[in-house]
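What follows is calculated from the coordinates using simple rules that are stated; it is not laboratory data. Nothing here was measured: the structure is a model prediction, and the numbers come from that model. Neighbour counts are summed over all protein chains in view; Cβ atoms, including those assigned to glycine, are modelled from backbone coordinates with ideal geometry.
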Amino acid sequence: MARGRKHTAQFKAKVALEAVKGQKTSGQLSSEFQVHPTVINRWKKQLLDSLPEVFQQGQPVDKA
């Protein structure tokens with residue numbers, strides 16, 4: 001069984017960010033970017049799940 005295309009991290013981030021904005025449905029984004037809606041939703045979830053790490057890296061631990 002053939003695997004899908006490989007997409008760059010930049011492309012995934014762009015599509016996921018568009019999904020997070022919520023201005024278009026997954027179906028609309030699917031047509032625009034030629035990616036299955038399920039894949040778009042998975043990338044969106046990965047983006048949202050990884051956001052807290054962006055703000056934790058290099059930050060001292062608050063001992064309040």
In whole percent, the Cα-Cα distances of the range 9-50 spread across 10 Å bins from 0 upward as 34, 61, 5
Assertion target for 25, 8, ordered by fewest C-beta neighbours within 10 angstrom first, is 8, 25
